[in-house]
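The values are calculated or read from the model by the stated rules, or taken from the named source; none is laboratory data. Just so it is clear, the structure is predicted and the values come from calculations on it, not from any experiment. Quick reminder, even Gly has a Cβ in these numbers, built from the backbone with ideal geometry, and neighbours come from all protein chains shown.
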Amino acid sequence: MQLTRFDHWLKERFIYETHIFTLRLPEEGFGPGVEIQEFEQKKGGDYRHRLIIKDNKRAEEVIAQLRKGHIMHATHIFEGKNWYNRHLAPKDGKSFTFQWIIRSIGVMLTCCGAWGVYLLTQNESLVSTIKATIEDLKGGM
């Protein structure tokens, strides 16, 4: 199934997280919503800090702050490790929205069927006719 705009929004908002790698941190700091991890010093100019940001708008603000401070950085988008990832973005590529629409329709049809059976069992003449038919079938065998 094709993914809807809502499916894309769910992925962007709840599943994807931005990892920004930098050599140094700005002096003024970043504020809330930014998790900072330090790497051990290695030779060869590897990055020393990883900034993990779950909100896309907050990530854009941090990138703008890094550009303003002339800090070299690299940005990568990863899927976060959340328990709900397999529900919001199944690996088979199916649409979360369409799956829930189909499930909702199935539940409504099941409820309507159950209600119809209940109404039929309340009809005394229908119940007596069905019982008489069953007795006739048993007697004929």
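For residues that are within 30 Å of Leu88 (Cα to Cα) and touching a residue at least 40 places away in the same chain (Cβ under 8 Å), tally how many sit in the range 7-41.
13
Determine which member of the set Leu137, Leu126, Leu120 is surrounded by 12 or more Cβ atoms within 10 Å (Cβ to Cβ) and either over 32 Å from the mean Cα position of the chain (by Cα) or assigned to a loop (DSSP other than H, G, I, E, B) (or both).
On the way: Leu137 fails: surrounded by 12 or more Cβ atoms within 10 Å (Cβ to Cβ); Leu120 fails: surrounded by 12 or more Cβ atoms within 10 Å (Cβ to Cβ).
Going through Leu137, Leu126, Leu120 in turn, the sole match is Leu126.
Could you grab me the full set of residues in the range 1-32 that are within 21 Å of Asn82 (Cα to Cα) and part of a strand (DSSP E or B)?
Hits for the range 1-32 are Tyr16, Glu17, Thr18, His19, Ile20.
Going by what's in this entry, would Arg48 be described as farther than 17 Å from Lys11 by Cβ, of a type in the set (Lys, Arg) and loosely packed, with under 11 Cβ neighbours inside 10 Å?
No: the conditions fail for Arg48.
Kindly establish whether Leu88 is surrounded by 14 or more Cβ atoms within 10 Å (Cβ to Cβ), within 21 Å of Asp7 (Cα to Cα) and of a type in the set (A, V, I, L, M). Before you say what the answer is, go through the steps one by one.
Details: surrounded by 14 or more Cβ atoms within 10 Å (Cβ to Cβ): yes; within 21 Å of Asp7 (Cα to Cα): yes; of a type in the set (A, V, I, L, M): yes.
Against the criterion (surrounded by 14 or more Cβ atoms within 10 Å (Cβ to Cβ), within 21 Å of Asp7 (Cα to Cα) and of a type in the set (A, V, I, L, M)), Leu88 qualifies.
Would you confirm, using the coordinates I've provided, whether Ile105 is part of a helix (DSSP H, G or I), touching a His at 6+ places or on another chain (Cβ under 9 Å) and either at pLDDT 90 or above or closer than 30 Å to Glu27 by Cβ (or both)?
No: the conditions fail for Ile105.
Given the conditions (1) loosely packed, with under 10 Cβ neighbours inside 10 Å; (2) within 30 Å of Arg24 (Cα to Cα); (3) not charged (D, E, K, R), and given that His73 satisfies all but one, which numbered condition is not satisfied?
Condition not satisfied by His73: (1).
Which of the residues spanning the range 59-93 are without any contact (Cβ under 8 Å) to a residue 12 or more places away in the chain, in a loop (DSSP other than H, G, I, E, B) and farther than 21 Å from Glu35 by Cα?
Those that are without any contact (Cβ under 8 Å) to a residue 12 or more places away in the chain, in a loop (DSSP other than H, G, I, E, B) and farther than 21 Å from Glu35 by Cα: Pro90, Lys91, Asp92.
Have a look at Glu35, Glu40 and point out the one that is at pLDDT below 90, in the same structural domain as Lys11 (by TED's automatic domain parsing) and not in a loop (DSSP other than H, G, I, E, B).
Exactly one of Glu35, Glu40 is at pLDDT below 90, in the same structural domain as Lys11 (by TED's automatic domain parsing) and not in a loop (DSSP other than H, G, I, E, B), namely Glu35.
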